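Take a look at the structure below.
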Amino acid sequence: MERWATFDCYGTLIDWNGGIRAALASSFSGGEADRLLVRYHELEPEIEREDPTRSYRVVLAEALRRLAAEESVGLADEDALARSLPDWRPFPEVRAVLEELHARGWRLAILSNTDPDLLADSIDRIGVPVDLRVAASEIGSYKPAHAHWERFFSESGADREHHVHVAASHFHDIVPASELGLRSVWINRLGETETEPRPTRELRDLAQLPEVLDELVPA
């Protein structure tokens with residue numbers, strides 16, 4: 001029976017906060033990028049809930065516009081976030097861990113709140129192929145809704161007892177995985193303290209993930 005690991009991309013494999021912070025720093029003067037990043041994380045899911053059929057490019061641009069309006073500043077380039085996204089870097093351990101999972105026989109999928117072409121750019125930057133990918137704008141749904149997982153299981157034919165979902169966002173990924181009765185590994189890079197629902201396992205980064213996945217779903 002095939003073993004499948006599904007991943008969120010941004011925040012889990014790609015340094016989402018670092019990429020957004022850098023784009024905010026270049027778009028807004030005054031050294032307020034950290035404060036604006038906190039507000040950005042509030043705005044993005046609001047915009048996605050308002051219209052799940054919006055492309056992620058539109059979500060990124062709208063979030064920048066709303067930040068600029070709240071700050072009462074002009075916005076020179078509303079597409080700055082989307083333009084910068086292909087350059088966002090993977091976390092240091094990501095490539096080696098995904099290669100090791102391939103070597104151990106795991107099939108890999110990415111379920112992401114983004115557009116297919118942006119996700120393709122990020123996978124190219126990671127440098128490890130994946131077997132299946134599901135992007136929000138191709139299904140008209142953003143996590144934490146369940147459509148990403150529904151599409152994944154429909155396309156892959158994966159058995160739920162031989163599947164684990166891996167993600168850094170408790171809100172976007174761990175909560176819906178729990179609602180769906182799926183095993184999950186929370187990559188808690190920020191040392192967050194959410195307690196419910198609990199993931200199956202919790203790690204600070206991906207370094208020990210191959211061993212943890214093999215423990216959860218033995219070959």
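Among the candidates L101, L119, which residue alone is in contact (Cβ under 8 Å) with a residue 60 or more places away in the chain and either among the acidic types (D, E) or touching a Pro at 6+ places or on another chain (Cβ under 9 Å) (or both)? Show your work before the answer.
Values: L119 fails: either among the acidic types (D, E) or touching a Pro at 6+ places or on another chain (Cβ under 9 Å) (or both).
So the residue among L101, L119 that is in contact (Cβ under 8 Å) with a residue 60 or more places away in the chain and either among the acidic types (D, E) or touching a Pro at 6+ places or on another chain (Cβ under 9 Å) (or both) is L101.
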Answer with yes or no whether E42 is in a helix (DSSP H, G or I), over 20 Å from S169 (Cα atoms), at pLDDT 90 or above and under 20 Å from the mean Cα position of the chain (by Cα).
no
Residues of segment 189-217 that turn out to be surrounded by fewer than 19 Cβ atoms within 10 Å (Cβ to Cβ) and in contact with a Lys or Arg (Cβ under 7 Å, 6 or more places away or on another chain), as a count:
8
Can you tell me which residue among R49, R65, R35 is charged (D, E, K, R) and either more than 24 Å from P116 (Cβ to Cβ) or buried (at least 18 other Cβ atoms within 10 Å of the Cβ) (or both)?
R35
Would you confirm, using the coordinates I've provided, whether S137 is assigned to a helix (DSSP H, G or I), touching a residue at least 60 places away in the same chain (Cβ under 8 Å), buried (at least 18 other Cβ atoms within 10 Å of the Cβ) and in contact with a helix residue (DSSP H, G or I) (Cβ under 7 Å, 6 or more places away or on another chain)?
yes
Residue satisfying all of: in segment 145-180; in a loop (DSSP other than H, G, I, E, B) and in contact (Cβ under 8 Å) with a residue 40 or more places away in the chain; farthest from V217 (Cα to Cα) among these
A145
So is R57 more than 16 Å from the chain's Cα centre (by Cα), more than 18 Å from A168 (Cα to Cα), in a helix (DSSP H, G or I) and modelled with pLDDT of 90 or more or not?
no
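The values are calculated or read from the model by the stated rules, or taken from the named source; none is laboratory data. Note that the structure is predicted; figures quoted are calculated from it, not measured. Neighbour counts are summed over all protein chains in view; Cβ atoms, including those assigned to glycine, are modelled from backbone coordinates with ideal geometry.
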